[in-house]
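Notes to accompany the following structure.
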Amino acid sequence: MLIIDCPYCGPRSETEFGYGGQAHVAYPPDPHALTDEEWAQYLFYRDNPKGDRAERWLHSAGCRRWFNAVRDTRNYEISAVYRLSDPRPHQTTKGA
Amino acid sequence: MNQRQLPEHPDFLWPNPEPKASYDVVIIGGGGHGLATAYYLAKNHGITNVAVLEKGWLAGGNMARNTTIIRSNYLWDESSAMYEFSLKRWEGMEEELGYDVFFSQRGVLNLAHTLQDVRDSVRRVEANRLNGVDAEWVDPRQVKELCPIINIGDDIRYPVMGGTYQPRAGIAKHDWVAWAYARRASELGVDLIQNCEVTGFVMDGDRVTGVQTTRGRIATGKVALAVAGHTSALTELAGFQVPIQSHPLQALVSELHEIIHPTVVMSNHVHVYVSQAHKGELVMGAGVDSYTGYDQRGSFHVIEHQMSAAVELFPAFSRAHLLRTWGGIVDVTMDASPIMGLTPVDGMYVNCGWGTGGFKAVPGAGWSYAHTIAHDEPHALNAGYGLERFVTGALIDEHGAAAVAH
């Protein structure tokens, strides 16, 4: 069981949260201009790192707000949580 | 049927050679898919100067962590072709490989618990029949006849409303399967090299010419990836991405019990699948953890959820004890179908994306992947499974038959 530190509510059990996949994937600014290859990238390709990953979480059984977290996919340590509107924090700790 | 005694086998089934300086084909990953691929490269295509590089020990990854369910009742033509081809090879595997694999065709029940489940299941049964796959719809009383310990009462949260039944489906002993392929591949000249992790690729422009490993550099013209959930890490080294996400998938066993469970029961809706291994352990699997991860364990609440479903379906299990749990790293694609074919790198081939159900496909995947490697083009079985489908949009959407419960 992960303990996830919601930026709005504080630390809560993993079961209160929903997972939203990779963070910072922007909707294409001009969808009509995309090639099929670019659509494939946008729809189907996500980073799958062994190491730090910025990802979205939803505190669905709490404040029901989305936020971002940086989590190491090897040991599941969460090194940062931040609001959706914030950029990914610069990491000084170990990471992939 | 005496299910509790396994025959003796020799102390060593294959040698452990030092890696040579070069091979015609290097297969990365010594699991079921890698070993079967090596065997069929040698047997079907006469390519025997082959190394299988395994970073740990043979068949110690997902091959040792799955629940060994074998079936072919998938919805779409591409899937039922691949899995039915595999099932036919499972039926002849002990003869072909001259080795026990304990393939037990005890049938698989896929339960339906909602009206939508019922409709989807009946549709799948009809699709299976059109594709020559044995499948039938069974009502709750027939479910009870096939598996007497199941609770078909209507006073549970998700009552059993029926199910699909594939009589030819079943289970096998995963490690014996790996040993069977390993032994025969080794006899045909394949080098099985354990404790040898690939750390990089040697490239000449867009072409791969070798691999860097923890046991030195190996030259080769063809590199075949067969590393399931770890594929992304290798393709990153080669300069391209595959559209998979790696998740922990958990399974568990109870202590040994008398044989009480005659078949295999799967339920997508309540997220559990159960069989009883030859020695008597209850073997159960769950859904994947929601997050991506490479730690070979998952969150305990996933197991709790799975156990509550299992105990409601099988009240007798409430007295059983959980003996061991573990996780494997499964490679999930957006359409719940595998990826097999050529890659943007010349001489490099990919076989991944089997998600939670790669074990059943070992013979068919090995057969068609070997063809792909030998001929530099896909076999008919995997022609629809290339990376290009994510660009063309010709997805093979198997979430109904595959997504949670493989």
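Below, the figures for the structure above:
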| read-out | value |
| --- | --- |
| Listing of strands (runs of 3 or more DSSP E) fully contained in the stretch B:114-210 that carry 3 or more residues being open to solvent by 20 Å² or more (accessible area, probe 1.4 Å) and over 29 Å from B:W76 (Cα atoms) | B:198-204 |
| Cβ-Cβ under 6 Å pairs, at least 6 apart or on other chains, the stretch B:1-21 side within 19 Å of B:I259 (Cα to Cα), far side open to solvent by 60 Å² or more (accessible area, probe 1.4 Å) and modelled with pLDDT of 70 or more | B:Q3/B:I259; B:R4/B:K279 |
| Qualifying residue in the stretch B:29-37 (condition: closer than 19 Å to B:V362 by Cβ and either surrounded by fewer than 17 Cβ atoms within 10 Å (Cβ to Cβ) or charged (D, E, K, R) (or both)) | no |
| Filtered residues of the stretch B:214-245 (kept if part of a strand (DSSP E or B) and touching a Phe, Trp or Tyr at 6+ places or on another chain (Cβ under 6 Å)) | B:T220, B:A224 |
| Sole residue being in a helix (DSSP H, G or I), among the aliphatic types (A, V, I, L, M) and under 18 Å from B:A178 (Cβ atoms), chosen from B:L6, B:L13, B:L35 | B:L35 |
| Every residue from the stretch B:88-102 that is surrounded by 15 or more Cβ atoms within 10 Å (Cβ to Cβ) and basic (K, R) | B:R89 |
| Test: B:P338 is within 21 Å of B:H375 (Cα to Cα) and open to solvent by 10 Å² or more (accessible area, probe 1.4 Å) | no |
| Complete set of residues in the stretch A:4-25 that are free of Cβ contacts under 8 Å to residues at least 60 places away in the same chain and more than 12 Å from every other protein chain (Cβ to nearest Cβ) | A:Y8, A:C9, A:G10, A:P11, A:R12, A:V25 |
| Residue within the stretch B:297-313 that is farther than 24 Å from A:K50 by Cβ, surrounded by 20 or more Cβ atoms within 10 Å (Cβ to Cβ) and among the polar types (S, T, N, Q) present | yes |
| Every residue from the stretch B:237-292 that is aromatic (F, W, Y) and open to solvent by less than 10 Å² (accessible area, probe 1.4 Å) | B:Y273, B:Y291 |
| Residues satisfying the stated conditions in the stretch A:50-78, i.e. of a type outside the set (V, I, T), open to solvent by less than 40 Å² (accessible area, probe 1.4 Å), within 8 Å of chain B (Cβ to nearest Cβ) and under 30 Å from B:D397 (Cβ atoms) | A:R53, A:E55, A:R71 |
| Per-region count, the stretch B:43-68, residues open to solvent by 10 Å² or more (accessible area, probe 1.4 Å), outside any loop (DSSP other than H, G, I, E, B) and over 24 Å from B:Y294 (Cβ atoms) | 3 |
| Breaking point among (1) open to solvent by less than 20 Å² (accessible area, probe 1.4 Å); (2) away from every other protein chain (no Cβ under 12 Å), for A:A33 | (1) |
| Breaking point among (1) farther than 23 Å from B:V288 by Cα; (2) within 11 Å of chain B (Cβ to nearest Cβ); (3) assigned to a loop (DSSP other than H, G, I, E, B), for A:M1 | (1) |
| Strands (runs of 3 or more DSSP E) (entirely within the stretch B:279-383) containing at least 1 residues that are charged (D, E, K, R) | B:281-288, B:322-332 |
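The values are calculated or read from the model by the stated rules, or taken from the named source; none is laboratory data. Small disclaimer: the values here were computed from a predicted structure and weren't measured. Using ideal geometry, Cβ is built from the backbone for each residue, glycine included, and neighbour counts are taken over all protein chains shown. Only protein heavy atoms, including side chains, enter the accessible area calculation; ligands, DNA and RNA are left aside. Shrake-Rupley method; radii C 1.70, N 1.55, O 1.52, S 1.80 Å.
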